[in-house]
Amino acid sequence: MNVLIIGAKGQLGRELCDCFARGYTSIGVPEILKENNTLLLADIDEVDIADMDSLRRFTAQGEIDVIINCAAYTDVPGCESNQVLAMQANALGPRNLAILADELGAKLIHISTDYVFDGEATAPYAEWDIKNPQSVYGKSKHLGEEYVKERTDRYFILRTSWLYSKYGKNFVKTMLRIAREKGACRVVSDQRGNPTYAGDLAHHILKLATTEAYGTYHATGNGICSWYELTEKLVALAGIPATVSPCTSAEFPSPVKRPAFSALDNLALRATVGDEFRPWEEALAAFLAEYKED
């Protein structure tokens, strides 16, 4: 199987590369990791997914069976002020990848977000719930999903949330640094969702890649917490002598309306290939163990 990873230098892309590099057969899908597999990596330096000609030139070098799109413009406030880039990266890019996948007869795995929902729910969102994005970021990701569904039949859309990894910039690594450097941090307690370890998400991407169970999936860590509760647990697990205090979103004014409750229910995973996401506390502990080793 020949796999193209778009956004290979990001935190999820690098976790996927790690899976291949160490022969990650324990996830139960060794078929995708046999010696006759080819891994093709691309990031913004190699290809512009908003440019169809650029994509076709890059992929002309060989056969591709699976395209995994980890690329996105995820700066939520930045999307508000740079709507053109949000449209290019989060909507037109996925559209072009879907067109390309259809031309190549390849499967497309596209990563989306909890921000396609409005955050007004009182129970976790299922895949069939109505989308109602409130930010430019959410709207551009919503449009990207629609383009993918319009342009190819062989797609997996995976919505995830609160993603973190030892790679790249993310909330978890930022809070570790602040707690160590300052000994105290204030974190919002009125936004709730599912922390998701990128290594666990990579696991499920590879599980789905070997199937034809096409469709839309929610793919997040199991369990719900607030950013405050996540940070409190993180600091305790890391053994950092820091004080974590709760605060409200109103104390950190933002031009962007962020979902107050964006928890997702991995219903489609449970109904098909199985939900093996760990409880968020367990996954966080596993991340810390790996991060300390590095």
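The values are calculated or read from the model by the stated rules, or taken from the named source; none is laboratory data. All of these numbers come straight from a predicted model, not from anything done at the bench. So basically every Cβ, Gly included, is an ideal-geometry build from the backbone, and we count neighbours across all protein chains shown. Only protein heavy atoms, including side chains, enter the accessible area calculation; ligands, DNA and RNA are left aside. Shrake-Rupley method; radii C 1.70, N 1.55, O 1.52, S 1.80 Å.
Points worth noting:
- Residue selection: Thr211 fails the criterion of being of a type in the set (Ser, Thr, Tyr) and open to solvent by less than 10 Å² (accessible area, probe 1.4 Å).
- In region 266-283, the residue that is surrounded by the most Cβ atoms within 10 Å (Cβ to Cβ) out of those that are more than 16 Å from the chain's Cα centre (by Cα) and either assigned to a helix (DSSP H, G or I) or without any contact (Cβ under 8 Å) to a residue 12 or more places away in the chain (or both) is Ala268.
- Lys131 vs. criteria open to solvent by 20 Å² or more (accessible area, probe 1.4 Å) and outside any helix (DSSP H, G or I): yes
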